[in-house]
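See below for the structure under consideration.
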């Protein structure tokens, strides 16, 4: 999400988890004692869900709370033999264009069934790779490196309770409302995004954070991804991947912080495959009642005000500082743990 291609790298893959779970047609349903752990690959503070096709091929989808839909690359949908469904169903999905088709859900192996999207009628959206390339083939290929399935967006998270465990590198589907106990100051009330960018049962959520005394509204964006230049990666100095979790800050807010805080370290042209955008290092910020930092933020090409007036999209660049973040998307409450 620098050159913020809000095409979200989200992933679709769940995994098993014990014989005591309730079982749905789509796989196990979590209980209070037995949550369902997804099969994932933890990649640069992002969760890539990794289901297995009937033929034995492991796919990867990026789990992206900032994405609009659960979607799959058109090419992969053809490989899996997925059929289109009633074309009129597209009207039920906010923002689905005439360039996309609606397809049946992938049929993954029994031990890796995924819960279906909530408000997509269990369907997925098929997205042509050519559509993505309009944003720049070089950038898209870097952004989706290691992601060959698609994105699990807000329709996959909506109304459910999820635990993003950064310490244990796990993504866990919990029983509805099963939030961890803790101090009220570490519980944050989230605001759902409805309208053109959301849905009646939205998984798009915003929350307030505090930076340099300013309260800033941010989109909760677990799939936020930034592509660093090689030189910027060396300057950041953490030996991490050039493709990693990001924290996208809109142009207006970026310029404000750049001008008001000349002491904050910046890397000009540090992100985007051609170095089109800057990085800025915020020494500390307050999220979920905790002070965390430093956090490298990446300048975005777009503003985020369509998301409840948000000014940024917060991903793993900041969330990695927490042991876990548990989100009840039905009640709109997040619990931050350190």
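The values are calculated or read from the model by the stated rules, or taken from the named source; none is laboratory data. Small disclaimer: the values here were computed from a predicted structure and weren't measured. Don't worry about glycine lacking a Cβ; one is built from the backbone with ideal geometry, like all the others, and counts go over all protein chains shown.
Here are some notes:
- Selection from the range 291-308 of residues that are farther than 19 Å from residue 226 by Cβ and in contact with a strand residue (DSSP E or B) (Cβ under 6 Å, 6 or more places away or on another chain): 308
- Residue list for the range 300-317, restricted to those being under 25 Å from residue 194 (Cα atoms) and outside any loop (DSSP other than H, G, I, E, B): 312, 313, 314, 316
- Taking the criterion of being part of a helix (DSSP H, G or I) and under 19 Å from residue 269 (Cβ atoms), the residues of the range 236-252 that qualify are 236, 251.
- Test: residue in the range 292-305 that is surrounded by 15 or more Cβ atoms within 10 Å (Cβ to Cβ), modelled with pLDDT of 95 or more and at positive phi: yes
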